[in-house]
Amino acid sequence: MTFADDNPILFASRMKSGHDLGDALRQQKKHVKQYVDSVGRDLLSESNEEALIDEVVEKFIVHPLAVDRESMTRDETEIEFDITTRPDAYFPDSHRAGPIFVPGLRLVIHLPFSGDADLWDLTPNASSSTYPHGNVRASTSKSGGRIEFIIEGRSDDPPERFKGLLDPQLDDIDRYIGWQRKDADEFNASLSSFVSQVIQQRRERTAKQDGIGASLGIPRASRKAPEPPSREPRTKRTRAAARREPAPSEPKQWDVFVCHASEDKAEIARPLAEALQAEGLNVWYDEFSMTVGDSLRRKINEGIARSRFGVVVLSPTFFSKEWPQNELDGLTALEVEGRKVILPVWHEIERVGVAEFSPILADRLAASTDEGLDVLVAKLLRAIEG
C-alpha cells in the first residue's frame with residue numbers, strides 16, 4: 001500500500017523557495033499600501049475614514065484555512081497494483097528484474113476546506129520536518145475547495161492499512177493549520193490600525209503636495225472624465241446610446257464594466273477606461289463611478305449587474321488577487337443563454353499563462369495591450385457594437 005507519488009507536499013514554501021507565511025504577510029501589507037496609494041486623491045480626501053478602512057480591511061484580510069472532516073467523500077477505482085513497491089515484500093531474485101501486479105484499489109479521498117487556498121503553499125513560522133501531502137483543488141475564486149488524497153493498495157489489504165496512511169496526513173494538516181491560524185490572526189488583528197496609518201500617511205503626503213501646487217498660484221486641473229471628441233460620433237453607436245438612455249426614474253445602465261487589479265490601474269486600466277469613455281461609451285470604472293460614502297461592494301455589484309459588457313484586464317497580478325476574480329465570477333454569471341459579456345484583455349501575460357489559471361478564459365479570443373491602446377480600443381469597440 002502506498003500514499004501515491006502524485007500527492008504534492010503541502011505548506012512547503014520554505015523548503016521550495018525559502019519564503020514562508022511571514023514573508024507573504026509582509027508582502028500583503030505592501031499590497032495594502034499600493035492599493036491605498038492608487039485611490040483617487042479627491043475620493044481619498046473626502047471619504048469617511050472609518051468606511052474606507054473597513055473597505056480596505058475587507059479586501060486584504062486573510063481568511064485562515066479550516067477543513068471539514070465530517071464531510072469527506074471518496075472515489076474508488078480498481079487498478080493493477082505493483083506489489084514490488086511494498087517495503088515489507090520479499091521476492092526471489094528471479095522476480096527482482098520486473099514488477100509484479102496483483103488486483104488493487106485506488107482511493108481518492110476528498111476533504112472540503114474553507115479559507116484562502118494560497119495558504120496551502122505557505123509554511124507557518126512554526127513547523128516540523130514532516131509535511132503533509134495532498135492535491136489542492138481550489139474553487140475558481142481561490143477561496144475554499146477541497147484537498148484530494150490518493151492512496152493505492154491491494155484489494156485484499158485490511159481497511160486499517162488505508163486508514164493508517166490517511167490519518168497521519170489529516171493530523172499533520174490540522175497541526176499546520178493551527179500554526180498558520182496563529183500567524184493569520186495576528187496579522188488580521190493589526191490590519192485595521194495599519195490601514196488607518198497608511199491612509200493617514202497618504203493624506204498627509206497629498207496635503208503637502210497640494211500645498212506645493214497652491215504656492216505656485218496656478219489652479220489645479222479638473223479631474224473630470226474627458227469629454228467626447230468633437231468629431232461626429234458614429235451613427236450606429238449614437239442611435240444605440242439613445243435607446244439605452246434610461247428615464248429619470250430608471251436605474252443607470254453602463255456599456256462597459258472595467259474589471260482589473262489595482263496594481264494595473266495606472267498602466268492600463270485608467271487609460272483604457274478614459275479612452276473608452278472618450279469614444280462615447282458609458283463606462284463603469286471605480287474612479288468615474290464612486291463617490292464619497294459609497295459602499296465599494298454594493299457599487300461594484302450594481303455596476304456588474306447593469307453593464308452590457310465586462311472588459312477584464314487579465315494579468316499575473318489579476319490572478320493573484322481574490323477581489324478582481326470575484327468580479328469576474330459576477331460577470332461570468334451574466335453569460336446565460338449564449339449572451340457574451342466578458343471581453344478579455346491580456347496584459348503582460350500570454351495564452352499559456354492564462355490557461356494555467358483558467359483554460360476556459362484562455363480559449364477566448366482576446367485583445368492584448370502589446371498592440372497599443374489605440375488598437376486595443378478599436379477591437380473592443382468592434383466587439384461592443386457587434
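The values are calculated or read from the model by the stated rules, or taken from the named source; none is laboratory data. What you are looking at is a predicted structure, and each value in this text was computed from that prediction instead of being measured. Ideal geometry is used to build each Cβ from the backbone, glycine not excepted, and the neighbour counts take in all protein chains shown.
Scanning the stretch 120-132 for residues that are touching a helix residue (DSSP H, G or I) at 6+ places or on another chain (Cβ under 6 Å) and in contact (Cβ under 8 Å) with a residue 60 or more places away in the chain yields D121, L122, T123, P124, N125, P132. Look at the stretch 58-75: where a residue is more than 17 Å from P132 (Cα to Cα) and touching a residue at least 60 places away in the same chain (Cβ under 8 Å) and a partner is buried (at least 16 other Cβ atoms within 10 Å of the Cβ) and of a type in the set (V, I, T), sitting 6+ places away or on another chain with Cβ atoms under 9 Å, you get K59/V32; F60/V32; F60/V195; P64/I177.
Go over the candidates E385, E322, E350 one by one and state the one that is exposed (fewer than 15 other Cβ atoms within 10 Å of the Cβ) and at pLDDT below 85.
After ruling out the rest, the residue left standing is E385.
Restricting the search to the stretch 253-273, which residues are over 18 Å from the mean Cα position of the chain (by Cα) and surrounded by 19 or more Cβ atoms within 10 Å (Cβ to Cβ)? Lay out the reasoning, then the answer.
Narrowing the stretch 253-273 to residues over 18 Å from the mean Cα position of the chain (by Cα): 253-256, 266-268, 270-273.
Selection gives W254, D255, V256, I268, R270, L272, A273.
Taking E148, is it outside the structural domain of D329 (by TED's automatic domain parsing) and modelled with pLDDT under 90?
On the way: outside the structural domain of D329 (by TED's automatic domain parsing): yes; modelled with pLDDT under 90: no.
Answer is no for this residue.
Being part of a helix (DSSP H, G or I), more than 19 Å from E58 (Cα to Cα), at pLDDT 85 or above and out of contact with any Phe, Trp or Tyr (no Cβ under 8 Å at 6 or more places or on another chain) is a property that V313 lacks. Within the stretch 104-135, if we keep just the residues that are surrounded by fewer than 17 Cβ atoms within 10 Å (Cβ to Cβ) and of a type in the set (V, I, T), the residue that is modelled with the lowest pLDDT turns out to be T130.
When L373, L331 are checked against the criterion of being closer than 23 Å to N282 by Cβ, in contact with a helix residue (DSSP H, G or I) (Cβ under 9 Å, 6 or more places away or on another chain) and buried (at least 17 other Cβ atoms within 10 Å of the Cβ), L331 stands alone in meeting it. For the stretch 102-136, the set of residues classified as of a type in the set (D, E) and in a strand (DSSP E or B) consists of D116 only.
Any idea which residue in the stretch 20-30 is surrounded by the most Cβ atoms within 10 Å (Cβ to Cβ), counting only those that are touching a residue at least 24 places away in the same chain (Cβ under 8 Å) and closer than 17 Å to A117 by Cα? Write out each step before concluding.
To start, the set of residues in the stretch 20-30 that are touching a residue at least 24 places away in the same chain (Cβ under 8 Å) comprises 20-22, 24-25, 28-29.
If we keep only those that are closer than 17 Å to A117 by Cα too, we end up with 20-22, 24-25, 28.
Working: D20: 19, L21: 26, G22: 15, A24: 18, L25: 19, Q28: 15.
Only one residue fits best here, namely L21.
What's the total number of residues in the stretch 133-176 that are of a type in the set (S, T, N, Q) and in contact with a helix residue (DSSP H, G or I) (Cβ under 9 Å, 6 or more places away or on another chain)? Before the answer, list the steps.
To start, the set of residues in the stretch 133-176 that are of a type in the set (S, T, N, Q) comprises 135, 139-141, 143, 155, 169.
Filter once more, so that each one left must be in contact with a helix residue (DSSP H, G or I) (Cβ under 9 Å, 6 or more places away or on another chain): 139-141, 143.
The number of residues fulfilling the criteria is 4.
With respect to (1) part of a loop (DSSP other than H, G, I, E, B); (2) farther than 25 Å from L334 by Cα; (3) at pLDDT 50 or above, the lone exception for D210 is condition (1).
For the stretch 332-344, the condition of being within 19 Å of the chain's Cα centre (by Cα) and either at pLDDT below 85 or within 18 Å of P271 (Cβ to Cβ) (or both) holds for at least one residue. Of the residues E322, E287, the single one that is over 29 Å from V136 (Cβ atoms), in contact (Cβ under 8 Å) with a residue 60 or more places away in the chain and not assigned by TED's automatic domain parsing to the domain that holds S45 is E287.
Just to be sure I understand, how many residues within the stretch 189-202 are of a type in the set (G, A, S) and crowded, with 16+ Cβ neighbours inside 10 Å?
First, pick out the residues of the stretch 189-202 that are of a type in the set (G, A, S): 189-190, 192-193, 196.
Those left that are additionally crowded, with 16+ Cβ neighbours inside 10 Å: 196.
Residues that pass the stated criteria total 1.
Close contacts from the stretch 144-159, counting a first residue that is within 30 Å of E322 (Cβ to Cβ) and in contact (Cβ under 8 Å) with a residue 12 or more places away in the chain and a second that is outside any strand (DSSP E or B) and basic (K, R), with Cβ to Cβ under 6 Å and a gap of 6+ residues or different chains, come to none at all. Regarding the stretch 203-210, can at least one residue be identified that is surrounded by 11 or more Cβ atoms within 10 Å (Cβ to Cβ), charged (D, E, K, R) and without any contact (Cβ under 8 Å) to a residue 60 or more places away in the chain? There is at least one residue in the stretch 203-210 that is surrounded by 11 or more Cβ atoms within 10 Å (Cβ to Cβ), charged (D, E, K, R) and without any contact (Cβ under 8 Å) to a residue 60 or more places away in the chain.
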